Amino acid sequence: MVSIAILGNGVVGSGLVELIEKNKKESGEENISITKILVKDKNKHKNSRLFSIITEDIKEVIKENVNIVVEAIGGIEPAYDYIKTFLKSKKHVVTANKDLISKHGDELLKIAKENNVKLYFEASVGGGIPILRPMKECLVGNNVKSIKAVLNGTTNFILTKMHKEGTTFKNALITAQELGFAEFDPTSDIKGYDSARKLAILSNLAYNKKFNWESFNVEGIDNIDEYDIDMANKLGGVIKLIGISEKFNEGIYTAVKPVIISKNSILSRVENEFNSIIIEGDSIGEIAFYGKGAGKLPTASAIYADIINIINNKKEKGLLFNDEKAVIFREFPKEKDWFIRISTEYRTEVICDINKLFKKVYVYSKNCFSKKEIFAIVYNEKEKDLKNKLDSIPNIKKLKTTIILFHS
C-alpha cells in the first residue's frame, strides 16, 4: 500500500481524489491510500466524507508517514517551501505547478536527486497530454530541432470563438470565464505568460539548456480583434497563440506570439480548450501530441500517471535540468513573412513609407475596414529589421501597430 498526501483540494486536488476512488472501484485494487489532505479552511469541508483526514496544518502532513506528496496548491509560495521540505524528508513529489517548475525546477530536481527521490511534473505543461515522459524516453535518439505548440486552453478557446462565431474578444473571454475555461483574472493566460512558462519547461528538456521564460519574446492576444480575425480568414488561415522554440547554430529562438497559421496545418485544427504540441526531431521528423490542456480530470490523469510511475519504477533515472544557460534569440534570425496592421491618421503617407522600406510587400488597400487602418503582408524580412523599419516611419510610435508572424 502506497500512502499519499495531497496539498490543496481545489479543482486539481479534488479531481485527483475522484480519479483515485474511481480506479479503486473499477479495478478492485487498494494500492493507493490518501492519508492527508491540506486545505486553507477546514470548515468549508465539514460535509466531506474525507473530513477526518483533512487538515489546515502543514505540520500534520509532515508528520504523516506518506510515500508520495502531491502539490496542488499552485503559485510559488508556499508551494516552493513545502516541496523543498518534503524532498529533503525523502518523500517523492508530484506537481502540476508550471509557475514553480519553470522558475525553480532546476533547484528542486537537484534536491530530489540528492535525496534519492523523484520529482515529477508531467501535468505542468500539457495538462492531460503526456509529453515530458515521451520526450525523455521515446525521443532520446533525437536532437530536437524545434517546438511549435498551442499551450493555453483559455486563449485557444477565445480565438476559436472569434473565428467560428464572429464574437468579440471581450465577449469570448466572458464566455470562457462562465464555462470555467478562464480565471477571474485571466492576465497570465491572455498576455502569454502561461504559455511562456510551459514553453520554458519543454525547452529545458528538449535542448538540455537552462531557459528563463522572462527572457522570451512574449506577446498575448489582448490586441487581437475581429478585424485581425477577418483578415486571417481572407488569407486562408487562423490566428493561434503559439509557443515557438527553434534551434540554430548560434542559439535558440524562443517566443510566444499570435501567429496566422494555414488552415492546412495541424495546429490550425486545434480548437477550444484543446492543446497540441509539435516536436521536430532530426531523426523522427515532426511528431504531434494532442489533448485537453487543462481541466479537473485531464490534469488529474497526468498526476495519477506520475504517481503510478513512481510506484512501478522506483529505480528509474530522474529528470534534471542543465545549469548551462541557453543563448536565446528574441527575434527570429531568418527571413519570414509577417502580417502587419497599423492604425493611423496618416494612412496615405504611411502606405508610401511601407512601400519604400520593404523590398517585397503587399498592402490590402481594398480590404480595409476603416480609412485609419492599413493591412499588409511583408515578405522575406527578419523580425529585427521589420521592427526597426516600422519604427523609422515618422509618428509610428504614436500609432497602434500589430505584428503577427505569418506561417504558411
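Below is a table of values for the structure above.
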item: Relative exposure of 306, 353, judged by other C-beta atoms within 10 Å (fewest first); result: 353, 306
item: Prolate/oblate/rounded label for the stretch 58-123 (Cα gyration tensor, a/c 1.5); result: oblate
item: Top positive-direction residue, dipole computed over the chain with Cβ charges, set 45, 406, 184; result: 406
item: Between the stretch 241-300 and the stretch 120-140, the alpha-carbon center distance in angstrom; result: 13
item: Candidate lysines - alpha carbon under 16 Å from residue 164, same-chain residues fewer than 8 apart omitted; result: 234, 240, 263
item: Cross-link reach list, lysines versus residue 356, counting only Cα pairs under 23 Å and skipping chain neighbours closer than eight places; result: 334, 336, 366, 371, 372, 382, 384, 387, 389, 397, 398, 400
item: For the chain, size of Cβ-based charge dipole, Lys and Arg +1, Asp and Glu -1, in debye; result: 300
item: Rg over Rh [alpha-carbon atoms, Kirkwood Rh] for the stretch 107-233; result: 1.05
item: Normalised per residue, the volume of the convex hull around the Cα set of the stretch 336-407 (Å³); result: 80
item: For the chain: relative contact order, % (alpha-carbon pairs under 8 angstrom, 6 or more apart); result: 17
item: Test item: Cα-centred dipole of the stretch 79-134, Lys/Arg +1 and Asp/Glu -1 on Cβ, debye; result: 200
item: Magnitude of the charge dipole, the stretch 132-291, Cβ model with Lys/Arg +1 and Asp/Glu -1, debye to 20; result: 480
item: Order of 2, 218 under a 10 Å beta carbon neighbour criterion, fewest first; result: 2, 218
item: Debye log10 I(q)/I(0) for the stretch 109-148, one point scatterer per Cα, at q = 0.21 Å⁻¹; result: -0.83
item: Normalised alpha carbon radius of gyration of the stretch 194-325 [divisor 2.2 N^0.38 Å]; result: 1.22
item: By average C-beta atoms within 10 angstrom, highest first, the peptides 50-59, 320-329, 272-281; result: 272-281, 320-329, 50-59
item: Amide H partners (placed H, <5 Å) of residue 33, local residues excluded; result: 2, 3, 4
item: 222 nm mean residue ellipticity, helices alone, for the chain (DSSP H n ≥ 4; -39,500 (n - 2.57); rounded to 500); result: -10500 deg cm²/dmol
item: Order of 89, 203 - criterion: other Cβ atoms within 10 Å of each residue's Cβ, fewest first; result: 89, 203
item: Relative contact order %, the stretch 336-407, counting alpha carbon pairs below 8 Å whose residues are six or more apart; result: 51
item: Leading residue at positive end of dipole, the chain (Cβ point charges), from 32, 293, 277; result: 277
item: Semi-axis lengths (Å, descending) of the ellipsoid that matches the C-alpha gyration tensor of the stretch 227-291; result: 23, 15, 11
item: Whole-Å semi-axes of the stretch 2-121's equivalent ellipsoid (Cα gyration tensor); result: 23, 17, 13
item: Of [x] 136, 46, 41; [y] 73, 46, 35; [z] 82, 63, 39, the label for Cα extents along the principal axes in Å derived from the coordinates; result: [y]
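We did not get these values from a lab; they are worked out from the coordinates using the rules stated. Remember, it's a predicted structure, so these values are computed and weren't measured experimentally. FYI the Cβ positions are ideal-geometry reconstructions off the backbone, even for glycines, and counts take in every protein chain you see.
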